[in-house]
Amino acid sequence: MGENQEIARLALDNRLRGIVQKSATFVCIDVIDSTAMKMGESEENVIFSFLAYQKMVESAIKAHAGQVMSITGDGVMSQFVRAEGGVDAAMDILNKLKQFNKETQLLKNPFRIRIGVNTGKVYVDAKEEMATLQILPSSAIDLAGYLQKYAQPNSACVSQFTVDQLEQMA
């Protein structure tokens, strides 16, 4: 093994110390055809409406003991320690969407969303639990995103893994 390979191996070994596997539930939310929603709208109305949407989503996530992992444009990925929290947050967001469209947002077209929910194992830094999920890739996160793409408009697609967790808790 060359010197550079040995240095790389030692750096990886050091980075992996303290990494533990945990179960978590991920909720991936996306606005359907957000680009078309913005066409012909004033910049102020777009900014106001999307910020209000993000605030509504973040509030529901936090209300159910979740953490927003990332917001990218019109998409949100969040994490929950318990499956129940993720499913409850998804339902809360869907239930609030009709009122949000009627009373809050300013665009001609209503917000329509899709939600994917999945529970699975992730690798986290034992010292910083939720803050470092990007250390190692996780199919649990990927599956939540995949399910979101196939959910019907204004609905949530929940994995069997999440359903199993809910049944175990009952």
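Selection of helices (runs of 4 or more DSSP H) fully inside the range 18-105 by the criterion of at least 1 residues being more than 30 Å from residue 167 (Cα to Cα) and under 16 Å from the mean Cα position of the chain (by Cα) returns 43-63. Against the definition (surrounded by fewer than 17 Cβ atoms within 10 Å (Cβ to Cβ) and of a type in the set (S, T, N, Q)), how does residue 59 come out, yes or no? Against the criterion (surrounded by fewer than 17 Cβ atoms within 10 Å (Cβ to Cβ) and of a type in the set (S, T, N, Q)), residue 59 qualifies. When the test is whether a residue is at pLDDT 95 or above, under 25 Å from residue 39 (Cα atoms) and open to solvent by less than 60 Å² (accessible area, probe 1.4 Å), residue 159 does not pass it.
For the range 78-94, the criterion of being more than 30 Å from residue 170 (Cα to Cα), touching a residue at least 24 places away in the same chain (Cβ under 8 Å) and open to solvent by less than 60 Å² (accessible area, probe 1.4 Å) is met by none of the residues.
Restricting the first member to the range 1-21 and to residues that are under 15 Å from residue 124 (Cα atoms) and open to solvent by less than 60 Å² (accessible area, probe 1.4 Å), and the second to residues that are at pLDDT 75 or above and not acidic (Asp, Glu), the beta-carbon pairs closer than 6 Å and six or more apart or on different chains are 19/123. In the condition set (1) open to solvent by less than 60 Å² (accessible area, probe 1.4 Å); (2) over 22 Å from residue 158 (Cα atoms); (3) in contact (Cβ under 8 Å) with a residue 24 or more places away in the chain; (4) not aliphatic (A, V, I, L, M), residue 109 is compliant with all but (1). One residue stands out among those in the range 106-124 that are aliphatic (A, V, I, L, M) and not in a strand (DSSP E or B): the one that is nearest to residue 38 (Cα to Cα), which is 107.
The values are calculated or read from the model by the stated rules, or taken from the named source; none is laboratory data. If you're wondering where the values come from, they're calculated on a predicted model, not measured in any experiment. Note that we place each Cβ from the backbone using ideal geometry, even for glycine, and neighbour counts take in every protein chain shown. All accessible areas refer to the heavy atoms of the entire protein, side chains included, with ligands and DNA or RNA removed. Shrake-Rupley method; radii C 1.70, N 1.55, O 1.52, S 1.80 Å.
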